[in-house]
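First up is the structure itself, then whatever we jot down about it.
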Amino acid sequence: MCEPGEKLKLCTCTGPGPLKRPYWTLKRRDPERADPDLMAVGSCEMVRHSFEEKLLRSKILEDINRFDAFDTEMTLADGDILELALDRMDLTFRFTGGRWQDADDLGDRRSAGDLVGVGRFSCSIR
C-alpha cells in the first residue's frame, strides 16, 4: 500500500484511466539498439535552478536512493531513467553505479527507452 509519509514513495498501483500529475515512469535503454550516428549540434544555455528546486531535487535524490523507494521490489539496471512529472515541473534521474543521479543533461533524449514501470507517487512534507 502506498501511504503518504515523510519520504517519497514510488507507487506501482495505479487506478483506472490515464495518470494525472504527479506520476513517475521508469525506462530502460537497450545499449545494443543505440544509434551510433546520433549527434546533435546547437547552442547550449546553462539551466539555473531556483533555490527551491535545488532543495527539492536534493530531497528527492535522498529519498529515491533508499532501498525502499518503490512500493514493490524493482530490479534496476545502469542507465535506467526515472522521470517524475510534478505539478509544475518534470525531473529526470539516471541510475548509475547503484545510485540515482540527477540527469538533466539528457534533454530530449530522456523519453527514449522501453517502459519498465509507471505509477503515482506520494509524499507528505512535514
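Given the structure, is residue 27 touching a Gly at 6+ places or on another chain (Cβ under 7 Å) and either modelled with pLDDT of 80 or more or crowded, with 17+ Cβ neighbours inside 10 Å (or both)?
Numbers: touching a Gly at 6+ places or on another chain (Cβ under 7 Å): yes; either modelled with pLDDT of 80 or more or crowded, with 17+ Cβ neighbours inside 10 Å (or both): yes.
For residue 27, the condition - touching a Gly at 6+ places or on another chain (Cβ under 7 Å) and either modelled with pLDDT of 80 or more or crowded, with 17+ Cβ neighbours inside 10 Å (or both) - is met.
Name the pairs whose Cβ atoms lie under 9 Å apart, with the first residue in region 68-90 and at positive phi, the second surrounded by fewer than 15 Cβ atoms within 10 Å (Cβ to Cβ), and 6 or more positions between them or separate chains?
79/31; 79/96
Filter region 96-126 down to the residues that are surrounded by 12 or more Cβ atoms within 10 Å (Cβ to Cβ), modelled with pLDDT under 85 and in a loop (DSSP other than H, G, I, E, B) and list them by number.
112, 113, 123, listed by residue number.
Sort out which residues of region 43-68 are at pLDDT below 85, of a type in the set (A, V, I, L, M, F, W, C) and within 18 Å of residue 9 (Cβ to Cβ), and write them in order of number.
67
Considering (1) surrounded by fewer than 15 Cβ atoms within 10 Å (Cβ to Cβ); (2) assigned to a loop (DSSP other than H, G, I, E, B), say which one residue 52 fails and leave the rest.
Every condition holds for residue 52 apart from (2).
The values are calculated or read from the model by the stated rules, or taken from the named source; none is laboratory data. Just so it is clear, the model here is predicted, and its values are computed rather than measured. Because the Cβ atoms are built from the backbone with ideal geometry, glycine has one as well, and the counts that use them run over all protein chains shown.
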